[in-house]
Amino acid sequence: MGPTSVLARFLRYVKVDTRSDESARSSPSTPGQLLLLQQLAAELRAIGAHPVLLDNLGQVTATISSSPAVFGVPAIGFVAHVDTSPELSSENVKPIVHRTWDGGDLVLPDAADAVFTREDPVLAAHVGHDLVTASGATLLGSDDKAGVAEIMAAAEYLIAHPEIKHGPVRIAFTADEEIGRGAARFDIKSFDAVCAYTVDGGEVGDLETESFSANKLTVIFHGFNMHPGYAKGRMINAVRLASAFVDTLPKDSLSPETTEGYEGYLHPFTVDAMVERTTVRLLVRDFATEGLKQKEALVEDIARAIVARQPGARFEVQVEEQYRNMREILDRHPKVVENASEAIRRAGLDVRMRPIRGGTDGSRLSFMGLPTPNLFAGQHNIHSRLEWTSVQDMEKAVEVIVGLCQVWAERS
């Protein structure tokens, strides 16, 4: 394959502020997401996809028809999300293309402390690549606008080259994946595919078929507020209770900072603090779904011990299911995984099967009846000011998407 439109698309998409907002009840949760989704729907129509739909929940779906003289090939899908992490700004993203990186330190113009060096072995493997970063004041947004751009570029390539044999290709761009809502109301029946692939992963060659199982815990500490000048023996400070709770959580294990591979964790990520009532929200992650209950029990034990020290204090715990390990479903659909492996090999890459220390829309979609493993997109240092991607890696992702459509046509 020759060069595609992937870089130009990526640079255009990252400039749209699509940061999601967990506190919003609208869908999408932020207007920037809808703006980009409308743009994508228009671009899909312009390249010849049909039909193209933007529903009232902020989800774009589109179809590329089978190539001429190809019959009986099942439809497969490709999915990416347009929103970016709510934990860092995506407003006024200034993407920078560092052409043919020579391996020297890269200092970003808007943050002197944001420096890329060859000490990062993953980055060091990309000497000679064209790297894309932001300016140091924001994230870049490759999670998952790299995947969006790659799917769009592959769609354009397939339509422009009718000699490539493939079956029907479904495309979906979702909103609010970063806050756990991306696949909540995905219409599996109308999508009408035997499987799908999220394009939302990291290094080239990665094929991810297992993810965390995930819950979100909300721990609410109830105190008693009154004027602090007359509070002796009467005030119960929920801020102090919550602070003691967070400080008592395991520090040398069971945290994102201390775990890797197949180790799960507890992660307190927001605190809403007032004397009368303080709320702590935690992410609970484990590759074994039963392991979630063990971690949740530990949280309750710690909270119970904290409030026991303060007569009159109390707490409550709310549990919200987020997603489950997609391996439980994908193990039943080996062809879906093997065809992706073959497409990666045909692109001249080694297939790397490793777990996602997170989740994708595919985690939810798999349990909804649409087996959906995750393909690499070239994302690195996601959710941070040091986020980067490689143009060459994005081109490889486009090649794999196109090749995967061919593999399904050949093997059906």
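Pairs are defined by a Cβ separation below 9 Å, a sequence spacing of at least 6 or placement on different chains, a first member in the range 51-64 that is within 17 Å of ARG181 (Cα to Cα), and a second member that is in a strand (DSSP E or B) and of a type in the set (Lys, Arg); the pairs so defined are THR61/ARG170.
Among the helices (runs of 4 or more DSSP H) contained in the range 323-412, which hold 1 or more residues that are more than 22 Å from the chain's Cα centre (by Cα) and at pLDDT 95 or above? Can you show your working first?
Values: elements: 327-330, 334-346, 361-367, 391-411.
Those helices (runs of 4 or more DSSP H) span 334-346, 391-411.
Among residues of the range 91-110 that are free of Cβ contacts under 8 Å to residues at least 60 places away in the same chain, those with a Cβ under 6 angstrom from a residue that is open to solvent by 90 Å² or more (accessible area, probe 1.4 Å) and part of a loop (DSSP other than H, G, I, E, B), sequence gap 6+ or separate chain, pair up as GLY103/ARG118.
Return the residues of the range 137-187 that are of a type in the set (Val, Ile, Thr), farther than 30 Å from ALA112 by Cβ and crowded, with 22+ Cβ neighbours inside 10 Å; say none if nothing qualifies. It would help to see each step written out before you state the result.
As a first pass, look at the range 137-187 and keep what is of a type in the set (Val, Ile, Thr): 138, 148, 151, 159, 164, 169, 171, 174, 179.
Imposing the further condition that a residue be farther than 30 Å from ALA112 by Cβ reduces the set to 148, 151, 159, 164, 169, 171, 174, 179.
Of everything in the range 137-187, those that are of a type in the set (Val, Ile, Thr), farther than 30 Å from ALA112 by Cβ and crowded, with 22+ Cβ neighbours inside 10 Å turn out to be VAL148, ILE151, VAL169, ILE171, THR174.
If the Cβ limit is 7 Å and pairs must be 6+ apart or interchain, which residue in the range 308-323 that is under 21 Å from PHE287 (Cα atoms) pairs with which residue that is surrounded by 12 or more Cβ atoms within 10 Å (Cβ to Cβ) and charged (D, E, K, R)? Matching pairs, first to second residue: VAL319/GLU296; GLU320/LYS216; GLN322/LYS216; TYR323/ARG364.
Is there a residue being assigned to a loop (DSSP other than H, G, I, E, B), more than 25 Å from GLU395 (Cβ to Cβ), open to solvent by 10 Å² or more (accessible area, probe 1.4 Å) and polar (S, T, N, Q) anywhere in the range 34-44?
Within the range 34-44, the first condition is being assigned to a loop (DSSP other than H, G, I, E, B), and the residues that meet it are none.
No: zero hits.
Looking across the range 127-136, the residues that are open to solvent by 10 Å² or more (accessible area, probe 1.4 Å) and either touching a helix residue (DSSP H, G or I) at 6+ places or on another chain (Cβ under 8 Å) or closer than 25 Å to ASP83 by Cα (or both) come down to HIS129, ASP130.
Condition first: open to solvent by 30 Å² or more (accessible area, probe 1.4 Å) and either over 30 Å from MET235 (Cβ atoms) or under 26 Å from the mean Cα position of the chain (by Cα) (or both). Now tell me which residues in the range 284-305 satisfy that. Break it down stepwise before answering.
Let us first name the residues in the range 284-305 that are open to solvent by 30 Å² or more (accessible area, probe 1.4 Å), namely 288-290, 293-294, 297-298, 300-301, 304-305.
ALA288, THR289, GLU290, LYS293, GLN294, ALA297, listed by residue number.
For the range 149-175, the set of residues classified as part of a helix (DSSP H, G or I) and either closer than 18 Å to MET394 by Cα or small (Gly, Ala, Ser) (or both) consists of ALA149, GLU150, ILE151, MET152, ALA153, ALA154, ALA155, GLU156, TYR157, LEU158, ALA160, listed by residue number. Within the range 188-199, the set of residues being touching a residue at least 40 places away in the same chain (Cβ under 8 Å) and open to solvent by 20 Å² or more (accessible area, probe 1.4 Å) comprises ILE188, SER190, ASP192, ALA193, VAL194. Remark: pairs (first residue in the range 264-291, closer than 15 Å to ALA244 by Cα and touching a residue at least 40 places away in the same chain (Cβ under 8 Å); second residue loosely packed, with under 15 Cβ neighbours inside 10 Å and of a type in the set (Asp, Glu); Cβ separation under 6 Å; 6+ apart in sequence or on different chains) = THR279/ASP272.
Tell me yes or no: at least one residue of the range 69-88 is out of contact with any His (no Cβ under 8 Å at 6 or more places or on another chain), within 30 Å of ARG411 (Cα to Cα) and among the aromatic types (Phe, Trp, Tyr). There is at least one residue in the range 69-88 that is out of contact with any His (no Cβ under 8 Å at 6 or more places or on another chain), within 30 Å of ARG411 (Cα to Cα) and among the aromatic types (Phe, Trp, Tyr).
Only one of PRO28, PRO95 is closer than 23 Å to GLY180 by Cα, within 26 Å of the chain's Cα centre (by Cα) and of a type outside the set (Lys, Arg); which? Explain how you work it out, then say what you get.
Numbers: PRO95 fails: closer than 23 Å to GLY180 by Cα.
Within the list PRO28, PRO95, the selection yields PRO28.
Pick from GLN392, GLN406: which is open to solvent by 10 Å² or more (accessible area, probe 1.4 Å), in contact with a helix residue (DSSP H, G or I) (Cβ under 8 Å, 6 or more places away or on another chain) and polar (S, T, N, Q)? Step by step, each of GLN392, GLN406 is checked, and only GLN406 is open to solvent by 10 Å² or more (accessible area, probe 1.4 Å), in contact with a helix residue (DSSP H, G or I) (Cβ under 8 Å, 6 or more places away or on another chain) and polar (S, T, N, Q). Just give me the residues in the range 6-33 being open to solvent by 30 Å² or more (accessible area, probe 1.4 Å) and touching a residue at least 40 places away in the same chain (Cβ under 8 Å), in sequence order. Hits for the range 6-33 are LEU11, LYS15, ASP17, ARG19, ASP21, GLU22, SER27.
Pairing residues of the range 379-390 that are on the phi > 0 side of the Ramachandran plot with residues that are open to solvent by less than 60 Å² (accessible area, probe 1.4 Å) and part of a loop (DSSP other than H, G, I, E, B), at Cβ distances under 7 Å and at least 6 apart in sequence or on separate chains, gives ASN381/GLU387; HIS383/SER85; HIS383/LEU88; HIS383/LEU139.
The conditions of being at pLDDT below 95, out of contact with any Pro (no Cβ under 9 Å at 6 or more places or on another chain) and in a helix (DSSP H, G or I) are not met by ARG304.
The values are calculated or read from the model by the stated rules, or taken from the named source; none is laboratory data. Note that the structure is a prediction, hence the values are computed from the model and not measured. Cβ: placed from backbone, ideal geometry, glycine included. Neighbour counts: every protein chain shown. Quick note on the areas: whole protein, heavy atoms, side chains included, nothing else; ligands and nucleic acids left out. Shrake-Rupley method; radii C 1.70, N 1.55, O 1.52, S 1.80 Å.
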